[in-house]
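Engineer: Shown below is the structure under consideration.
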Amino acid sequence: MLAAGVLVVLVGWLLQAPPLVFAGSTLVVLIVAVTLSLLFRTADVRVTRRFTPDRGVAGWSAVETVTVLPRGARTSGTVRVREQLPFGRLSDSEAAAVLLVPGRASSAVFRHHDLPRGRHRIGPLHVDLVESYGVARRRVVAAGVAELVVVPDVVEVGLGRESRALGDGSRRQREHSLAGGEDDPVTREYRRGDPMRRVHWKATARHGELMVRQEEQHGLPSARVVIAVAAEGWSDARPTVPPTSGVRARSATAAIPLVSDAFEWAVSFAATIAVEVGHAGSATVLTTPGGTLVARHDPAPTTGFLDDLADLRLDDALGAPAPAPSPREPVVAVVSGLGRLDLELLVASRAPGSSAVAVVVTAALPLGAGLTSRPARLADGPGRGDDPVLAPDEVAGALRDSGWRVVETDSSVDGGRLITTSGVLDD
């Protein structure tokens, strides 16, 4: 509009038409005045966020309520606000109009669809200060961010309590309590996945670091769930575009996080198995094929376990070794392609006398995509340069030859239905 005002002035001057010159000059002055007025408007606001539910679920939606409270008398009028998201940015058309009144809080509501698993930094809030007539606009950023934790989708299938292998866990847990069973008082350092209720505060103060009770409940059954985290084994693994900070990195060497739809399916499936095992009163140890600890799940709490899985990503640099398998401890592995070394370690993870089930996942291909029989090598991790990756069908055959029961599937199958129909928890 400023250019239009200048053009009117020039046309009026060329035509020697004073009314046009006056009209154009008035328009230019008006535009300059309202633009300058925006410089005196501020966005000094306090921003708070509330998510419903407070923890998101992968693939589902969450509602974010943003409350904006002006902190100065000059912060007033109608503004448009947009959130900055690590998994996409709200467009101008999705911005919400908010009327700012000094001393009064105003709210805007955003709905985030198809949430990706991880820990997501939401914010800062982008505020568009718009002049009353819409002639000028100034965009500022309101400080403050919040974290939204998105956990894997856990399907309630209700088979854990009926599992022949694990169904006596609740009974044995009750018998242990009624018999006055005492927990092992020996303490050790805190490990990722340990429930906070096990923290031994006196030992923590004495050692200067967080210490927990061992609390080994003798006779309480446990199960082991194995998930493959090497990106080279998942044929649909790809870099995030654009790179996202949604999943908290624990590896300084990973420049760009990798994502895989099949791996996300596997995480959800493993989480569902662990929760079902918990319903049977049994503990679960979630590990990699190489025996590295991913997370622990006690029979009762699930929040901390799912939070740990929110952090898990491909090629994660997990360092703590998992405890050795107990005799007759059932194993459920959720894998895809595997290197020969990981395959050998997986076979060896089966304790004597225990059942072993492997769910071998093939990535579901997009409609019209070509078929591939072998996972693409996306990156050579340490020590993997000479370790060829076996395709899912080769992994399935090798595990069958080793005495495992194998369930072959692809990532388009409903995980809950697969658990129900395949008898994964029946052994």
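The values are calculated or read from the model by the stated rules, or taken from the named source; none is laboratory data. Being a predicted model, the structure only gives us computed values, none of them experimental. Positions of Cβ are generated from backbone atoms using ideal geometry, with glycine treated the same way; all protein chains shown enter the neighbour counts.
Engineer: Would you check if Ser61 is at pLDDT 90 or above and under 17 Å from Val150 (Cα atoms)?
Structural biologist: yes
Engineer: Still on this structure, please answer the following. Can you go through Asp414, Asp386, Asp401 and tell me which one is out of contact with any Ser or Thr (no Cβ under 8 Å at 6 or more places or on another chain), loosely packed, with under 14 Cβ neighbours inside 10 Å and modelled with pLDDT of 95 or more? Spell out the reasoning first.
Structural biologist: Working: Asp414 fails: modelled with pLDDT of 95 or more; Asp386 fails: modelled with pLDDT of 95 or more.
Only one candidate qualifies: Asp401.
Every residue, every condition in (1) outside any strand (DSSP E or B); (2) of a type outside the set (D, E, K, R); (3) at pLDDT 95 or above, yes or no:
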site: Val68; (1), (2), (3): no, yes, no
site: Thr75; (1), (2), (3): yes, yes, no
site: Val81; (1), (2), (3): no, yes, no
site: Pro86; (1), (2), (3): yes, yes, no
site: Leu90; (1), (2), (3): yes, yes, no
site: Val98; (1), (2), (3): no, yes, no
site: Arg111; (1), (2), (3): no, no, no
site: Asp114; (1), (2), (3): yes, no, no
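Engineer: Search segment 311-332 for residues being of a type in the set (A, V, I, L, M) and either closer than 13 Å to Ala295 by Cα or assigned by TED's automatic domain parsing to the domain that holds Val57 (or both), and hand back the single one that is modelled with the lowest pLDDT.
Structural biologist: Leu318
Engineer: I need the full set of residues from segment 267-281 which are hydrophobic (A, V, I, L, M, F, W, C) and within 12 Å of Val332 (Cα to Cα), in order please.
Structural biologist: So in segment 267-281, the residues hydrophobic (A, V, I, L, M, F, W, C) come out as 267, 269-271, 273-275, 277, 280.
Within segment 267-281, Phe269, Ala270, Ala271, Ile273, Ala274, Val277 meet the criteria.
Engineer: Would you pick out the residues in segment 330-364 that are small (Gly, Ala, Ser), part of a strand (DSSP E or B) and more than 11 Å from Val226 (Cα to Cα)? Talk me through it step by step, then tell me what you get.
Structural biologist: Filtering segment 330-364 for residues small (Gly, Ala, Ser) gives 333, 336-337, 339, 348-349, 351, 353-356, 358, 363-364.
Right, trim to part of a strand (DSSP E or B) and you get 333, 339, 356, 358.
Answer for segment 330-364, where residues must be small (Gly, Ala, Ser), part of a strand (DSSP E or B) and more than 11 Å from Val226 (Cα to Cα): just Gly339.
Engineer: Something else: Which one is modelled with the lowest pLDDT among residues in segment 140-169 that are crowded, with 17+ Cβ neighbours inside 10 Å and part of a helix (DSSP H, G or I)?
Structural biologist: The extreme case among them is Gly169.
Every residue, every condition in (1) crowded, with 21+ Cβ neighbours inside 10 Å; (2) more than 24 Å from Ser411 (Cα to Cα); (3) at pLDDT below 90, yes or no:
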{"site": "Arg206", "(1), (2), (3)": "no, yes, yes"}
{"site": "Gln214", "(1), (2), (3)": "no, yes, yes"}
{"site": "Gly233", "(1), (2), (3)": "yes, no, no"}
{"site": "Pro243", "(1), (2), (3)": "no, no, yes"}
{"site": "Ala249", "(1), (2), (3)": "no, yes, yes"}
{"site": "Ser260", "(1), (2), (3)": "yes, no, no"}
{"site": "Ala266", "(1), (2), (3)": "yes, no, no"}
{"site": "Ala270", "(1), (2), (3)": "yes, no, no"}
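Engineer: Here is a list of conditions, (1) out of contact with any Gly (no Cβ under 8 Å at 6 or more places or on another chain); (2) buried (at least 23 other Cβ atoms within 10 Å of the Cβ); (3) not in a loop (DSSP other than H, G, I, E, B), and Thr284 meets all of them except one; can you say which number that is?
Structural biologist: (1)
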